[in-house]
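The structure appears right after this line, and notes come after that.
The values are calculated or read from the model by the stated rules, or taken from the named source; none is laboratory data. Quantities reported herein were computed from a predicted structural model and do not represent experimental measurements. With ideal geometry, Cβ positions are generated from the backbone for all residues, glycine too; neighbour counts draw on all protein chains shown.
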Amino acid sequence: MTTVSRETLTALRALPKAELHLHLEGMLQPQRVLALAQKYSVPTDWDEVRSRYTLRGFSQFLELYKWATSFLREAADYAALAEDAAVTLHEQGVVYAEITLSVGVMLLRKQNVSGNFFALRNVFRRHAEAGTGPQVQFIFDAVRQFGAEPALEVARLAASLHNEGVIAFGLGGDELSLPLQEFRKAYRLAAEHGLHLVAHAGETGGPEQVQDAIDILRAERIGHGIAAIRSSAVMNTLANRRIPLEVCPTSNLLTNALDIQLNATHAKLERHPLRKLFRHGIPITISTDDPAMFHTSLLEENAAALRMGLSIADLVAINRNAFQYAFLSDAERKTFLGQFPAA
Ligand SMILES: [Zn+2]
């Protein structure tokens, strides 16, 4: 494994960065979980929190995700989480983020979605206006295994908050649970209301999931999509139709998605297919997915890509891609892209 030099890290840090695949709940830091557990008088201690945050595989990740997010019970909790998230993103030089909210889970827990949304959105807005946090827009995510009807409700809520900063509708969860056909109606409704469309696909599922997300759901960007490496037809579709993949390397490593797609055991991060997908001409973006749970940052994901054999010039292109394929107005896009060093 080659190490990344200090000069290279400085160059990476100086690049304007955008997160396109980032779950707000995945930014729940151990300290915040502990504070929320105390607020709700749930007996736990630092040792338990730390041990739960030490991940070994997908089922443990789901376990942690369920446990940590069980302390997000009211608007004030989401506001506190947003406060942590804005500060963390700002520290890494992230100037723009499209943050995914697991609205499917909020509905399952019978929470007031718009109450939560306005509380957290206002925190991000305040930071953006003060120059202490990134500009943020939101993606409302449904959970695949919860079924078509709850997904439709998430799409309706996204549509009702479209003018308040929600720009896209997406789908996450277990790819092997229900076929994507079931979600056609929810995606159609979202599109009719002017929302952009994204979907998690080809993370642990096969390349056909990526093709279906494009053909059936009309997804404009694919979350993960690394299964495409197993199908030259799907790679060609992505490259020819300029459909970006939101690649999250460390997430793929820690959830075992990398092992699944490479049909390997304990594959190293250096074997991640990011480089091959990029060289195939697919628009690649890099994100962190659930950085607090995967103990990573966008800077570290960029450094990991260097260790996979990409150059600084490649990473400039990849970081530009994030703005190129962000759901921004043309004027905003131009402003962000103008901050890049001249080629
Ligand atoms: Zn995700």
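What the table below lists for this structure:
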item	result
Residue in segment 275-294 that is under 20 Å from the mean Cα position of the chain (by Cα), surrounded by 22 or more Cβ atoms within 10 Å (Cβ to Cβ) and at positive phi present	yes
Near pairs, Cβ below 9 angstrom, 6+ apart or cross-chain, from segment 168-184 (farther than 27 Å from Val136 by Cα) to any residue that is of a type outside the set (A, V, I, L, M) and in a strand (DSSP E or B)	Glu175/His200
Filter result for Thr265 (part of a loop (DSSP other than H, G, I, E, B) and of a type outside the set (Lys, Arg))	yes
Residue ID - nearest to Glu208 (Cα to Cα), chosen from residues in segment 179-190 that are within 22 Å of the chain's Cα centre (by Cα) and buried (at least 17 other Cβ atoms within 10 Å of the Cβ)	Leu180
Selection within segment 257-273 - over 23 Å from Asn319 (Cβ atoms) and surrounded by fewer than 21 Cβ atoms within 10 Å (Cβ to Cβ)	Asp259, Ile260, Leu262, Asn263, Ala264, Thr265, His266, Ala267, Lys268
Yes/no for Thr204 being in contact with a Pro (Cβ under 8 Å, 6 or more places away or on another chain), within 16 Å of the ligand (Cβ to nearest atom) and outside any helix (DSSP H, G or I)	no
Tally, over segment 231-251, of residues that are part of a loop (DSSP other than H, G, I, E, B) and either among the polar types (S, T, N, Q) or away from the ligand (no atom under 16 Å from the Cβ) (or both)	4
Count - residues of segment 252-262 that are in contact with an Asp or Glu (Cβ under 9 Å, 6 or more places away or on another chain) and in a loop (DSSP other than H, G, I, E, B)	1
Conditions (1) away from the ligand (no atom under 16 Å from the Cβ); (2) at pLDDT below 95; (3) under 25 Å from His23 (Cβ atoms): number failed by Asn256	(1)
Hey, Ala343 over 21 Å from Arg56 (Cα atoms) and at pLDDT below 95 or not	yes
From Ser102, Ser59, residue being surrounded by fewer than 20 Cβ atoms within 10 Å (Cβ to Cβ) and not charged (D, E, K, R)	Ser59
Any chance Ala292 is over 24 Å from Arg52 (Cβ atoms) and either at pLDDT below 95 or part of a helix (DSSP H, G or I) (or both)	no
Test result for Ile312, surrounded by fewer than 20 Cβ atoms within 10 Å (Cβ to Cβ), at negative phi and not basic (Lys, Arg)	yes
When residues of segment 207-230 are limited to those that are of a type in the set (Val, Ile, Thr) and outside any helix (DSSP H, G or I), the one farthest from the ligand (Cβ to nearest atom)	Ile216
Pairs where the first residue, in segment 213-233, is more than 21 Å from Ile286 (Cα to Cα) and the second is within 13 Å of the ligand (Cβ to nearest atom), C-beta under 7 Å, 6+ apart	Leu217/Ala199
Inter-residue pairs, beta-carbon under 6 Å, first in contact (Cβ under 8 Å) with a residue 60 or more places away in the chain and in segment 317-343, second surrounded by fewer than 17 Cβ atoms within 10 Å (Cβ to Cβ) and not small (Gly, Ala, Ser), 6+ apart	Phe323/Arg333; Phe323/Leu337
Subset of segment 163-178 [buried (at least 17 other Cβ atoms within 10 Å of the Cβ) and within 16 Å of the ligand (Cβ to nearest atom)]	Ala168, Phe169, Gly170, Leu171, Gly172, Gly173, Glu175
Unique match (being within 16 Å of the ligand (Cβ to nearest atom), in a helix (DSSP H, G or I) and either crowded, with 19+ Cβ neighbours inside 10 Å or at pLDDT 85 or above (or both)) among Glu48, Glu19, Glu25	Glu25
One residue from Arg218, Arg230 being among the basic types (Lys, Arg), surrounded by fewer than 23 Cβ atoms within 10 Å (Cβ to Cβ) and touching a Phe, Trp or Tyr at 6+ places or on another chain (Cβ under 9 Å)	Arg218
